[in-house]
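One structure is given here, and the rest of the page talks about it.
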Amino acid sequence: MDLKTKQDLEQLLGKLGACAPAMEYVEASKLKTARGIYDSCERGDWIGWLLRELGLSLTGAALAEYEKVRAQILKRLVPWLVIAESGVSRT
């Protein structure tokens, strides 16, 4: 399938059974290209779903970069102080 236009992306997502909110996001987008819409999406869960549905996965350097960014985000969301003061003992 040639994925160039917004309509191409809508067809692919419909064929794969994308959720209603994802379909609405694409339909509401003012962008005209599939690439533009993909690049503008901030929903990691949607991107992950699409990759899985297409049988794609991150490997090597791409996976390492993903894990590095993921760790940075988690550390920002859950500061060390929260972990240190949690009082959880595993002994």
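Every number in this text was worked out from the coordinates using simple rules, so none of it is lab data. Note that the structure is predicted; figures quoted are calculated from it, not measured. Note that each Cβ is placed from the backbone with ideal geometry, even for glycine, and that neighbours are counted across all protein chains shown.
Listing for the model above:
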quantity: Extension reserve of the Met23-Tyr38 stretch, reckoned as 0.36 nm per residue once the Cα distance is removed; calculated: 4.2 nm
quantity: Charge-dipole axis of the chain as Lys and Arg at +1 and Asp and Glu at -1 on Cβ define it, positive-most pick from Leu31, Ser86, Gly60; calculated: Ser86
quantity: Label-point separation, Asp8 to Trp80 (7 Å along Cα→Cβ), nm; calculated: 4.7
quantity: Relative intensity, log₁₀ I(q)/I(0), of segment 6-84 from a Debye sum that treats every alpha carbon as a point, q = 0.12, 0.14, 0.18 Å⁻¹; calculated: -0.47, -0.60, -0.84
quantity: The chain - percent relative contact order, Cα under 8 Å, separation 6 or more; calculated: 23
quantity: Extension gain, Leu56 back to Val69 (0.36 nm per residue minus Cα-Cα distance, nm); calculated: 2.7 nm
quantity: Given charges at beta-carbon only (K, R positive; D, E negative), |dipole| of segment 6-84 in Debye; calculated: 220
quantity: The chain: angle of helix 60-77 to the longest principal axis, Cα-based, in degrees nearest 10; calculated: 60
